Amino acid sequence: MFLIITGIIIGMFLLIKGADWLVDGAVSIALNLGISKLIVGLSVVAFGTSVPELVVSLISVAKGHSSVTISNVVGSNVANIALCLALASLFSVITVKKQTISAEMPFMIMSTVVFTALLFRNNVFTLKWNDGVVFLSLMIIFIYYLVSNARNVIEEEFESEIKGKHKTKIAIFLVVIGIIGVSLGGELTIRYVVELAKVLKLSETFVGLTIIALGTSLPELVVSVTSAIKGEGDILVGNIVGSNVFNLLLILGLSSIISNLTVDVSGYFVDLIVVNLVALLLLIISVIKRKLTRIDGLMFLAIYSVYIYYIIQRK
């Protein structure tokens, strides 16, 4: 058991740190090549925080553990709102931008509803290649919206997230070790969480919703809390919403085209209700108050606690 836990911790560390190195190096290379700030900013904001989820999901599909893929996305999207944003709002009031409320949140909710409808149709919790085409088509529309209508938002978020430009040789080195890190980290994570599931007789869906989802959401959690403490929370909601959209459309889109995705537990409709509920609540609170307060954070944390308790009981 000690070896399994150690393997998961090392895998998660390599996965998250590798993703950080990969994005950091790729950004520097792009800037050194003279690629526009808008395109580089889009890549950082849209793809950066979803790299751990993407790598874990693709490796899960390749190894035949497709239930981990769906549950990783669902668990991460719930955790991003009901844990990351919730904890951040305990430290500081988080302002929600008008652009996020009017366009990005509705798109997140639409993507979540589409995912729910496709997964739940005919009471068979399965996503197939044609569902992947739908997801990727919606992702293209979302990218088009970002490029054409959210230029200022992207550039502002880019300024807040970039850590500085490295020389090309250093940047290439960061990309190489980043790729090695995410590959090895993803491999170790999947291998040992599957072993943990077997030892403790847990479903793959359970470990996807809890251990893997929490692990791959760590970057969002750290950034959210740190930004709130520093008083820089005005772009947090947009970042979380964008991450959730790309988790649904990019990760599930690519994964379901590669292989059919299923879940291996009964009563999964509860998970679908929760992922839709927290997204809808976030929109309602944002429309009414234009901010997230400590009370809102406590409410989301209560929902998350009840949800975690439920899936622990269900296993």
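Rule-based calculations on the coordinates, nothing more; no lab input. It should be emphasised that the depicted structure is a prediction, and the values quoted were computed from it without experimental measurement. For neighbour counting, all protein chains shown are included, and Cβ atoms are generated from backbone atoms with ideal geometry for every residue, glycine included.
R0 = 41 Å: FRET efficiency of Ile229 with Ala117, Cβ-based, nearest 0.05? Once rounded, the FRET efficiency stands at 0.60. Charges were assigned to the Cβ only: +1 to each Lys and Arg, -1 to each Asp and Glu. The resulting dipole of region 2-314 about its Cα centre is roughly 80 debye. Here the relative contact order of the chain, from alpha carbon pairs under 8 Å that lie six or more residues apart, stands at 44 percent. How would region 242-305 be classified by its alpha-carbon gyration tensor: rounded, prolate or oblate, with rounded meaning a/c under 1.5 and the a/b versus b/c comparison settling the rest? Since a/c reaches 1.5 but b/c is at least a/b, the shape of region 242-305 is classed as oblate. In the chain, the ratio of gyration radius to Kirkwood radius, Rg to Rh, stands at 0.95 when only Cα atoms are counted.
May I ask you to list, by number, the DSSP H helices of the chain whose Cα span along the axis is at least 27 Å and whose average Kyte-Doolittle hydropathy reaches -0.5 or more?
2-32, 129-149, 168-200, 269-289, 294-314
Summary of the geometry: region 168-223 and region 271-301, compared by the centres of their Cα atoms, lie 27 Å apart. Rg of the Cα atoms in region 64-117, relative to 2.2 N^0.38 Å, amounts to 1.39. Over region 206-292, the pair-distance histogram of Cα-Cα distances with 5 Å bins from zero comes to 3, 10, 15, 23, 22, 13, 8, 4, 1 percent, rounded to whole numbers. Toward the positive end of the charge dipole of the chain, with +1 on the Cβ of Lys and Arg and -1 on the Cβ of Asp and Glu, the farthest Cα among Ile172, Leu3, Val23 is that of Leu3. Exceedance of the 23 Å cut-off in Cα-Cα distance is limited, within the set Lys98/Lys289; Lys17/Lys201; Lys17/Lys128; Lys17/Lys97; Lys63/Lys169, to Lys17/Lys201; Lys17/Lys128; Lys17/Lys97; Lys63/Lys169.
Helical runs (DSSP H, four residues minimum) scored at -39500 (n - 2.57) apiece and divided by the length of the chain put the mean residue ellipticity at 222 nm at -24500 deg cm²/dmol.
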